[in-house]
Structures are given as C-alpha cells and as structure tokens.
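First the structure, in the form of structure tokens, and then the observations on it.
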Amino acid sequence: MKHIHIVRPSFKTSGIFKRAAGGFTAAAVLCVALSYGGAYAEEEPSVDDIQQTIEQIEQQNEQRRDELDQLGDKISENQQALDDVAELLNDQKELVDYYNNLVYYKEIEIDDTQTEIEKLDKDIKEVEAQIAEAQKQVEQLEAENADNLEKFAEIVRAMYMQSDADLFSILAGSDDFYEMSVGAEVLNNITEKNIEFMDELKADIERLEQSKRQLSEQKEQLSAKQEDYIAQEQKLTAEKDELLGLQSDSQAAADSYQNDYNNYQSAIDQLEQQQSDLHYMINVSEEEIAALEEEVRQMILAAQKPPESELQDGMEWMWPLSTNFHMITCHFGYDPDMDRYHRGTDIGDGGIYGANIYSTKGGTVIIANGSYGWNGGYGKYVVVDHGGGYTSLYAHMSAVYVSEGQEVSQGEVLGAVGDTGWATGPHLHFEIRINGDAVDALGYINVP
Ligand SMILES: [Zn+2]
C-alpha cells in the first residue's frame, strides 16, 4: 500500500534548483493520494508538508496504540469472566452428571420392581388357573354325583313299582325294609355300593374345595405382595420425577452458563480481530512513514545538488565538488617530493570540510563504506560504477549519504568532505578507474 508517486524532473531541466538555493523547496513533483488524509493534491508538497503528514500518521498510530491498550484491558476482563464462568459451567456439568446418575439408578430400581410385579402377575394367573381347574373338577364330580343319584332313584323307583315297599323306607335303608322286601338282598347291595360311592365323591369334592380355599389364600397373599410392589413402584417413580426436575433445572443452569461462555468467547474473538486489524494498520502506516521518510531524504538530497550554473555544459564527467572548491593539493601520479605514487587527485580548499561531494557521473553505488570505518587509508569512501569498466572513488569523507546498490544520477550528493583515513587535513581524494586501474581524473574533467 504505497500511495506516494514521485515524478522527478530530469536533472538540468529547469531553474528549480536556483529556487531551492534560497529557502528550501522540494525539487520534485509529488502526486499524493493518501488514504488516511483523504486529500488529493496535485501541487508539489514541501518537505514540511510530508513531515506534517508523517506526524499525522504517527498521531494516528498513537491513537491506535491507545486503542490496543484498551482492547488488551477489555480482553483481560472478558478472559477473567470467561474463566469464572468456565468454572461455574464445569461444576454445573458435574451436577447434571450427578443427577443423570441418580435418575439412571432410580430407573434400574423401577425396572426391578416392575419385574417383580410381572412375576407376581404370572404367579397369580397360575394360581387362578389352578383354582379354575379345581372348580372344574368339583363341577365334574358334582355332575357325576347328580347323575348317580338319578340312576339310583330310577332303580328304587322300578323296585317300588314291583313291591309294596315304602319309598321312604327304601330310601332310609332301614333294617325293616330289608326284611320286608322280596329283593331286599339285591337292593341292600346296590344301596350300600351307592352310598359308598357317593361318600367318596363327597370326600373328593371336599378335598377340592379345601384346595380351592388354599389356592385363594395363596392368591390373596400374592396379590397383597404385588400391591406392595406397585406402591413401591409408584414411590420410586415419584422420586424419579423429582430427580428429573432437579436434573432439568441443573441442565438449564448449565445451558445458561454455556451461553455466557460462548458470548464471552465471541467477544474475545471480536476484540482480538480488532487488535489484529489495528496491528495491521500500524504496520501499514509504519511502512508508509518509512516510504515518506525516504521521499524526504531523496528530496533533501535532490535539493543539495549543485546549482545548474555550476555544471559544465557538454562535459561527460562532472567536477565532484562545488566549483568554489578547485584547489588541487596533490596530483595523480608519481610525486618526487613524497617519493610515492598517488592514485588520485586531492582537492582541498578553505572551508571544504562538510561540503557536498557529487557523483561525477550517473551509475550504481557499489561500495558505500560509510559505517565500516577505515579501509587502506581511504577512511569513509564511496565507489560508483558507471558502466563500461568505469568507476569513480571518493575518499576521506566525513559522512556517507548513499547505500550500496543505490542508483545515483550525475550530481547526486554521495556524502560530505572530511578527513577520515590517512589524511593530514580535510580534502577529497578523487579517483577515476578503468577496469580497476586508476587513471588521471583530470584527463576527463577540467578543473573549474
Ligand atoms: Zn589522495
């Protein structure tokens, strides 16, 4: 997200640098379309304008950091509430489990009771079947008895018809009857057998009736027992209903805590999203600030370029200093006085310390030893590659403004004159090299 587009006028195009010599004015056209400012300016913003924009962005970032602090507090509060409710929720869930268990065991008890009731039901039905069977036998025997009585009556009736025997005497079976009767012997025999048979029947019926009574008693006992179990089942069911009520209440409370928990969690998620958005905006803004600061630096460098009048028209190579500084203190080549070979041209003048050093030609900075200190006596120095095997070197600098890999145009400020390295005083040691071999720079540049 870079919103700054800078269109620089090509070097030497206008008198803009003359203006720049007076109060500082940006030597560039800036098309500013900043998302945060909203303003759209076609005018040339000054360094002050850009610095004001930087300040505004920094203020916005301050506000964002304040918001981040507040968000952090809110997240902490929500986190605390979340932890609290999580504890409550946990306890409540345990309670729900506890009631679930109680209901479970109550249901087992109820099942057991129901099993007993069903078992008793079966027993009662069995006893009832036995009673019914006994009743059936009683009825059969009674029918048999009735039948027998009928047959006996018929025989007596037939005999009565044949004799004068008194029916009542016959039925009574008196000794008188036997003596009186013609077939007394026969009758006596029949009667005895009948009485015997009927007695047996009566005894059987009595036994069956006795058994029926016992079975009925047994049935009543079973029914009473079943009643107890039914009462027990009703009691257990009531207890279970009560437990279900408690279970339902505790579940409702757990649901409510769960709901609170979810709400706190989603609040935290939202706050963290806001945090992340703010961090993102701060990062983007800091990139914008860095870009703007780089523009300011470039504008300052551009403004420091020599006035156009100082450029020598038609020269491929440019004098590396303001034309005010042109005293050669040591030429290229063998110096018999010093008995040494000098690889460059030394330029030193009064007031030269801190003066801008200009790139003699456009190219790429390949060494910017600004912060590395000493190197073979050069001190802080810069090398610019101009292509075609040509390089230029600037030594003993007090400050280096460019960095390695940077593209520089002719006249761009590389640094300031100093006395670092092996220097007896402030001066620029300037070299031009072809394929790494130093040549006399004054063969390419006229001394102004
Ligand atoms: Zn030198």
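The values are calculated or read from the model by the stated rules, or taken from the named source; none is laboratory data. What you see is a predicted model, and the numbers here were worked out from it, not measured in a lab. Here the Cβ is made from the backbone with ideal geometry for all residues, glycine too, and neighbour counts use every protein chain on show.
Criterion applied to LEU311, LEU292 was being at pLDDT below 75 and hydrophobic (A, V, I, L, M, F, W, C), and the one residue passing it is LEU311. Consider the stretch 361-381 and keep the residues that are within 15 Å of the ligand (Cβ to nearest atom) and buried (at least 23 other Cβ atoms within 10 Å of the Cβ). The one that is modelled with the lowest pLDDT is TYR378. Looking across the stretch 216-245, the residues that are small (Gly, Ala, Ser) and surrounded by 13 or more Cβ atoms within 10 Å (Cβ to Cβ) come down to SER216, SER223.
Beta carbons closer than 8 Å, at least 6 apart along the sequence or on distinct chains, pair a first residue in the stretch 335-356 that is over 12 Å from PHE430 (Cβ atoms) with a second that is among the charged types (D, E, K, R) and in a strand (DSSP E or B) for TYR341/ASP335. Scanning the stretch 385-423 for residues that are of a type in the set (Asp, Glu) and away from the ligand (no atom under 16 Å from the Cβ), we see that the one that is surrounded by the most Cβ atoms within 10 Å (Cβ to Cβ) is GLU412.
Within the set TYR341, TYR358, TYR334, the sole residue that is more than 16 Å from the ligand (Cβ to nearest atom) and among the aromatic types (Phe, Trp, Tyr) turns out to be TYR358.
Would you call GLU109 surrounded by 14 or more Cβ atoms within 10 Å (Cβ to Cβ), free of Cβ contacts under 8 Å to residues at least 40 places away in the same chain and in a helix (DSSP H, G or I)? When the stated conditions are applied, GLU109 does not pass them.
Kindly provide the set of residues from the stretch 424-448 that are within 19 Å of ILE328 (Cβ to Cβ) and either among the charged types (D, E, K, R) or more than 16 Å from the ligand (Cβ to nearest atom) (or both), ordered by number.
Residues of the stretch 424-448 that are within 19 Å of ILE328 (Cβ to Cβ), as a first pass: 424-433, 438-448.
Residues satisfying the conditions are GLU431, ARG433, ASP440, GLY443, TYR444, ASN446, PRO448.
Do the conditions hold for GLN247, that is, is it closer than 30 Å to GLY72 by Cβ, at pLDDT 90 or above and part of a helix (DSSP H, G or I)? No: the conditions fail for GLN247.
For the condition outside any loop (DSSP other than H, G, I, E, B), in the same structural domain as ALA441 (by TED's automatic domain parsing) and either of a type in the set (S, T, N, Q) or at pLDDT 95 or above (or both), what is the one hit in THR323, THR329? So that I can check it myself, show each step before the final result.
Working: THR323 fails: outside any loop (DSSP other than H, G, I, E, B).
None of the others qualify; the one that does is THR329.
Selection of the stretch 344-355 for residues being within 11 Å of the ligand (Cβ to nearest atom) and either outside any loop (DSSP other than H, G, I, E, B) or farther than 20 Å from TYR381 by Cα (or both) yields THR345, ASP346, ILE347. For the stretch 345-359, the condition of being on the phi > 0 side of the Ramachandran plot and under 60 Å from the mean Cα position of the chain (by Cα) holds for at least one residue.
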